[in-house]
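Sharing a structure below in structure tokens format, with a few things to ask.
The values are calculated or read from the model by the stated rules, or taken from the named source; none is laboratory data. Fair warning: this is a prediction, and the values are worked out from it, not measured in the lab. Don't worry about glycine lacking a Cβ; one is built from the backbone with ideal geometry, like all the others, and counts go over all protein chains shown. Side chains are part of the model used for accessible areas, which takes the heavy atoms of the whole protein and leaves out ligands, DNA and RNA. Shrake-Rupley method; radii C 1.70, N 1.55, O 1.52, S 1.80 Å.
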Amino acid sequence: MEADAYADEVGPSAGRPLNLRQIEVFRAIMMAGSISGAGRMLHVSQPAVSRVLALTETRLGYRLFERVKSRLSPTAEARRLYAEVEQVYGGIQRVNDLAASLGQSGAGMLKIVASASFGQRLIPMALERFRGRNAGARVDYRSVTFDELAAYFLSGQADIGISMQPPDHPNLTSVRLAQVPVICVLPPGHPLASHDAILPEDFSSAAWIGYPRDTPLGRALQSFFGDGPRCAAAIEVHSPVTACSFVQQGLGPALVDAWCVTPDQAAHMALRPIKPEASVEIWATHSNLTAPPLLARRFLAAVKKTLEGQVLPGVAPG
């Protein structure tokens, strides 16, 4: 008597599980309805499929197919097993569909946090470039202060951050992208607007708009003022964006980074370089607990492209 005549009565062989290849061959036979059809689906020979099926049935300890006149008829066990296998393959297909969607159309949510200064021009310009190639992506943008930056990453509310200085945290990694000149913005008709360049001593008597020393711009301007301005700022703000708004209201001149001035603002203010020169930096930050998502990497590339070759208001080209 042949061994397979009583295979159903002996139980599984050492309880060994099926491997992925055996599951793949079983599924192909169920779909094709024959050994030869499964071989064509899998691009393998008919004997190879037969060998895998025989090993599969030996491992299981029961038949998956009845051989009736050279045809295969699935057993009740095979039909139940096939239902589970199709669920697994359905999940695999969904994973593949999502992977293709993320790679091809840039689907998903990108969470960006940035200093208000860069939300005026840099972020919108970079997003325009980014969305040109990732039209399916959704964006959650938040303007945050430097002190808030780290908390957004640690709470999972940010994928990428753009700021004037890198946050000091062991779970965050920052990359320096560029250096941006500081310029002086003045109300139209202000006496200092007649100067070709603004010097530290020009702030010795004029009412002007400044920043606390512990802010990114406050620190950047320490080299410009040296021992400190001869006349304290009449108004202190915490963002160059606010400073520009105050300047437009005629409250006095301010020192800001060139990226925070929009073309519309530049048309309604006088812009002058400063001497000695001062600058702020642009940093990109992401969590180092996991790799940055694809959309964050693409957005960072868009930011770098946007920074290249830009002529900034109040800054001479070159």
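Restricted to the range 31-49, and to residues that are among the small types (Gly, Ala, Ser) and touching a residue at least 24 places away in the same chain (Cβ under 8 Å), which residue is nearest to SER70 (Cα to Cα)?
Within the range 31-49, the match that is nearest to SER70 (Cα to Cα) is SER34.
Quick check on my filter: what residues within the range 45-85 are β-branched (Val, Ile, Thr), open to solvent by less than 30 Å² (accessible area, probe 1.4 Å) and over 12 Å from ILE35 (Cβ atoms)?
Matches in the range 45-85: THR56, THR75, VAL85.
While we're here: Does ASP196 satisfy the criteria of being of a type in the set (Asp, Glu), closer than 30 Å to ALA284 by Cβ and touching a residue at least 12 places away in the same chain (Cβ under 8 Å)?
In short, no.
Next up: From the list ALA243, ALA258, ALA234, pick out the single residue that is aliphatic (A, V, I, L, M), open to solvent by 20 Å² or more (accessible area, probe 1.4 Å) and either in contact (Cβ under 8 Å) with a residue 24 or more places away in the chain or in contact with a helix residue (DSSP H, G or I) (Cβ under 8 Å, 6 or more places away or on another chain) (or both).
ALA234
Taking into account only those residues within the range 278-294 that are in contact with a helix residue (DSSP H, G or I) (Cβ under 8 Å, 6 or more places away or on another chain) and farther than 18 Å from PRO167 by Cβ, which is modelled with the lowest pLDDT?
LEU294
Could you tell me whether LEU271 is aliphatic (A, V, I, L, M), open to solvent by less than 70 Å² (accessible area, probe 1.4 Å) and touching a residue at least 24 places away in the same chain (Cβ under 8 Å)?
Yes; evaluated as a whole, the condition is true for this residue.
Test each condition in (1) charged (D, E, K, R); (2) open to solvent by 40 Å² or more (accessible area, probe 1.4 Å); (3) under 16 Å from ARG298 (Cα atoms) for ASP159 and report the one that comes out false.
With respect to (1) charged (D, E, K, R); (2) open to solvent by 40 Å² or more (accessible area, probe 1.4 Å); (3) under 16 Å from ARG298 (Cα atoms), ASP159 is out only on (2).
Do you know which of the residues in the range 295-315 that are at pLDDT below 90 and open to solvent by less than 60 Å² (accessible area, probe 1.4 Å) is nearest to the chain's Cα centre (by Cα)?
The qualifying residue nearest to the chain's Cα centre (by Cα) is LEU312.
Now for a separate question. From the list SER223, SER205, which residue is among the polar types (S, T, N, Q), exposed (fewer than 14 other Cβ atoms within 10 Å of the Cβ) and assigned to a loop (DSSP other than H, G, I, E, B)?
After ruling out the rest, the residue left standing is SER205.
Filter the range 246-255 for residues that are surrounded by 20 or more Cβ atoms within 10 Å (Cβ to Cβ) and either without any contact (Cβ under 8 Å) to a residue 24 or more places away in the chain or not in a helix (DSSP H, G or I) (or both) and give the result.
GLY252, PRO253, ALA254, LEU255
Would you call THR285 of a type in the set (Ser, Thr, Tyr) and surrounded by fewer than 17 Cβ atoms within 10 Å (Cβ to Cβ)?
No.
Only one residue in ALA135, ALA83 is out of contact with any Asp or Glu (no Cβ under 8 Å at 6 or more places or on another chain), modelled with pLDDT under 90, among the aliphatic types (A, V, I, L, M) and not in a helix (DSSP H, G or I). Which one?
Just one listed residue meets the conditions, ALA135.
Return the only residue of LEU192, LEU177, LEU172 being modelled with pLDDT of 95 or more, buried (at least 16 other Cβ atoms within 10 Å of the Cβ) and either of a type in the set (Lys, Arg) or in contact with a strand residue (DSSP E or B) (Cβ under 9 Å, 6 or more places away or on another chain) (or both).
LEU177
Also: It is to be established whether one or more residues within the range 206-215 are closer than 17 Å to ALA116 by Cα and touching a residue at least 60 places away in the same chain (Cβ under 8 Å).
Yes, the range 206-215 contains at least one residue that is closer than 17 Å to ALA116 by Cα and touching a residue at least 60 places away in the same chain (Cβ under 8 Å).
Can you tell me which residue is most open to solvent (accessible area, probe 1.4 Å) among those in the range 86-118 that are modelled with pLDDT of 75 or more and polar (S, T, N, Q)?
Once the filter is applied, the top-ranked residue is GLN87.
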